[in-house]
Amino acid sequence: MRLKFFANAVCLAFACLFIAVPANAQGVIVPIICEARPCRPIPRPRPIPLPNALPVKSIKLDTRIVGQVATTHVEQVFRNDTPYTLEGIYFFPIPETASIIEFAIWENGKKLVGEVRTREEARRIYDEIVRRQRDPGLLEYAGKDLFQASIFPIPPNSDKKLELTFSQVLKAESGTAAYRYPLGTGRNLWRRPQTNEEILRTTPPQNFGTISGKIEIVGKQALRNIYSPSHQIDVARKGETSVTISFETNSNDNDFQLFYGLSNNDFGMSLLTYREPGKDGYFLLMLSPKDSVTESEFVSKDIVFVLDTSGSMADEGKMEKARSALLFGIRGLREGDRYNVINFAGEEHLMESRMISANASGKKRGEDFVLKLQPNGGTNINDALRAAMRQFDSTDRPKMLVFMTDGLPTVGESNVEKIIQNSKETKVEGLRMFTFGVGYDVNTQLLDRLAAENSGTAEYIEPKENLEVKVSAFFTKVNSPVLTDLELDFGSVQTDLMYPRKFTDIFKGSQLTVIGRYKNASDIEKVTLRLQGKTGKENRTFNYSNIDFPLRADKNDFLPRLWATRRVGWLVEQIRSNGENKELRDEIVDLGTRYGIV
């Protein structure tokens, strides 16, 4: 017996008329004019052309994953901007192993929920509803992992909201589970071959509004290495075994993809691979520490905060926001940490001649200093950096320099190459530099190179972004270093062109993501990967056994393009740092062509 889904709506007779219309993957409504049942033939020519698919006003995704069972609730709002009452066929691609829990249509502010029926019963009820001239909706399986429903009525110049809930069991391989929600890979619902002219004529881009999602994961094992190759995500942890992920976008170019590791180790490891026969393989390796790190496991550090207080920082409240962020960073320091604060404009000013302890009295000294800072003067980046680097000694403590500026060097040395060279001559071994550029007037080449050559990261904050929130989030992370001086040993695996080229330290709540290629001529099975690093002065080693690098791996086909994107980014940085190079430029063009990188 084949089951169908019955709601307060729908006409199977129209399915055969519209199965030849293309649909994007996230669910679409394909419309026709239908003022009353039965639908009359569409007038020729149409007074106003109908869109091939109704514009999507919004998509709201709410998913809860318990163990490896995911329950997804999606709310889609479509817009009928035509002057006609429409009937539409709604298509939605369901994962092959998923089962529908509920389908609902909103009508006049009321949610109309359907029931599961047999094909015969659904048809009988539909015929009865048509005779009564009521509004029907029927969800029908329309081929492998694709469902369809006919929706009537869709009033003119109005919204139509649909809700769908389904569940599925997620697969986990090598300790990594994967979740995907269809947005962009799409399918064409054609029952016959298309010509190029037909594709161009009948598949215009679909208009989209806001797409937002919340995914809550609850498990028995610790959740590690949470990663999305498709979207920028925010991750909020609730202990070791619970996490909430959120995202928002206005683009449906890619399906939403999420990977997360399941591990109770101190450092969880997740590995994804992809390889076509006869070609190089690609891998994505993710490492993250446990969330419940004790105070004794943190490494005491030395940190210098360098803040631009030139006159331009008075604009748009940047000084107040930077001051609040810096106070947050000072207050978050641990008892064993040491720090100093340097502000600069035309010249640099040190809070203290050397670093002080981050105890209660030391923090109070820093707070008083920061609260008195006022913006004025030019921007002498060179001297400020050199003064900051002289603060560090040759001990084994982690060394961090946080540098915030909103402008270009205007006082003293202004040549980028000379500033870089001066910083190289002054810095001590093991220094990590983290740069923040505020606004549009910063020298991104300078900040990028300072961060890259000092094993740090560069962040940029647009004028409308909340500087305080972004910098405070960064301070929360770097205040808790867990493992430094990282090294990875892949054993017998022949790796190639891995990125990043230098591994950054691992902090609480962060993760290390490494992408690269592997070139072995045979299957590599049950190899042991080794992670080495330091916790303070203590050397630590973590072994991960039974890891496979296969000759053929069909899943994770996003990896080649992701690797190529990282490779292109590295090549562009080499050109920016060292000047134009035909060989590098040609490789960038080749990678862009082969992997479809814009």
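The values are calculated or read from the model by the stated rules, or taken from the named source; none is laboratory data. The shown structure was predicted, so the numbers you read here are calculated from the model rather than taken from an experiment. Backbone-built Cβ (ideal geometry, glycine too); neighbour counts: all protein chains shown.
Does region 38-55 contain at least one residue that is touching a helix residue (DSSP H, G or I) at 6+ places or on another chain (Cβ under 7 Å) and modelled with pLDDT of 75 or more?
Taking region 38-55 and keeping what is touching a helix residue (DSSP H, G or I) at 6+ places or on another chain (Cβ under 7 Å), we get 52.
With modelled with pLDDT of 75 or more added as a condition, the list becomes none.
No.
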- What are the pairs, 6+ residues apart or on separate chains, where a residue within region 424-443 that is part of a loop (DSSP other than H, G, I, E, B) has its Cβ under 6 Å from a residue that is of a type in the set (D, E)? G439/D406
- Exclusive hit being at pLDDT below 80 and either charged (D, E, K, R) or in contact with a Lys or Arg (Cβ under 8 Å, 6 or more places away or on another chain) (or both), set E316, E335: E316
- Residues of region 482-511 being in a strand (DSSP E or B), crowded, with 18+ Cβ neighbours inside 10 Å and within 23 Å of the chain's Cα centre (by Cα), in sequence order, are M498, I506, F507
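Residues of region 214-254 being assigned to a loop (DSSP other than H, G, I, E, B) and among the β-branched types (V, I, T), which ones? Write out each step before concluding.
Of the residues in region 214-254, the ones assigned to a loop (DSSP other than H, G, I, E, B) are 219-222, 228-233, 238-241, 250-254.
Once the filter is applied, which keeps residues that are assigned to a loop (DSSP other than H, G, I, E, B) and among the β-branched types (V, I, T), region 214-254 yields I233, T241.
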- Task: State whether the residues of region 153-161 include one that is aliphatic (A, V, I, L, M), buried (at least 20 other Cβ atoms within 10 Å of the Cβ), in the same structural domain as V77 (by TED's automatic domain parsing) and modelled with pLDDT of 85 or more.
- Result: yes
- Message: I'd like to verify a number: residues in region 517-540 that are surrounded by 19 or more Cβ atoms within 10 Å (Cβ to Cβ) and among the small types (G, A, S), how many?
- Response: 1
- Task: Run R576 past the list (1) in the same structural domain as P277 (by TED's automatic domain parsing); (2) touching a residue at least 40 places away in the same chain (Cβ under 8 Å) and report the number of the one that doesn't hold.
- Result: (1)
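Take the residues in region 531-566 that are charged (D, E, K, R) and assigned to a helix (DSSP H, G or I), then tell me which one is modelled with the highest pLDDT. Steps first, please.
Looking only at region 531-566, we keep the residues that are charged (D, E, K, R), and these are 534, 537-538, 540, 548, 552, 554-555, 557, 561, 566.
If we keep only those that are assigned to a helix (DSSP H, G or I) too, we end up with 561, 566.
Working: R561: 84, R566: 87.
Here the residue is R566.
So, L258, is that one in a strand (DSSP E or B), at pLDDT below 90 and either out of contact with any Cys (no Cβ under 7 Å at 6 or more places or on another chain) or not acidic (D, E) (or both) or not? Steps first, please.
Numbers: in a strand (DSSP E or B): yes; at pLDDT below 90: no; either out of contact with any Cys (no Cβ under 7 Å at 6 or more places or on another chain) or not acidic (D, E) (or both): yes.
Against the criterion (in a strand (DSSP E or B), at pLDDT below 90 and either out of contact with any Cys (no Cβ under 7 Å at 6 or more places or on another chain) or not acidic (D, E) (or both)), L258 does not qualify.
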- Only one residue in S300, S312 is under 30 Å from R224 (Cα atoms) and surrounded by 15 or more Cβ atoms within 10 Å (Cβ to Cβ). Which one? S300
- How about region 537-589: which of its residues are hydroxyl-bearing (S, T, Y) and closer than 24 Å to G278 by Cα? T565
- Task: Please indicate, with yes or no, whether at least one residue in region 342-355 is assigned to a loop (DSSP other than H, G, I, E, B), acidic (D, E) and closer than 23 Å to R390 by Cβ.
- Result: yes
- Task: Tell me which of these T528 doesn't satisfy, since it passes every other one: (1) among the β-branched types (V, I, T); (2) at pLDDT below 85; (3) within 22 Å of M269 (Cβ to Cβ).
- Result: (2)
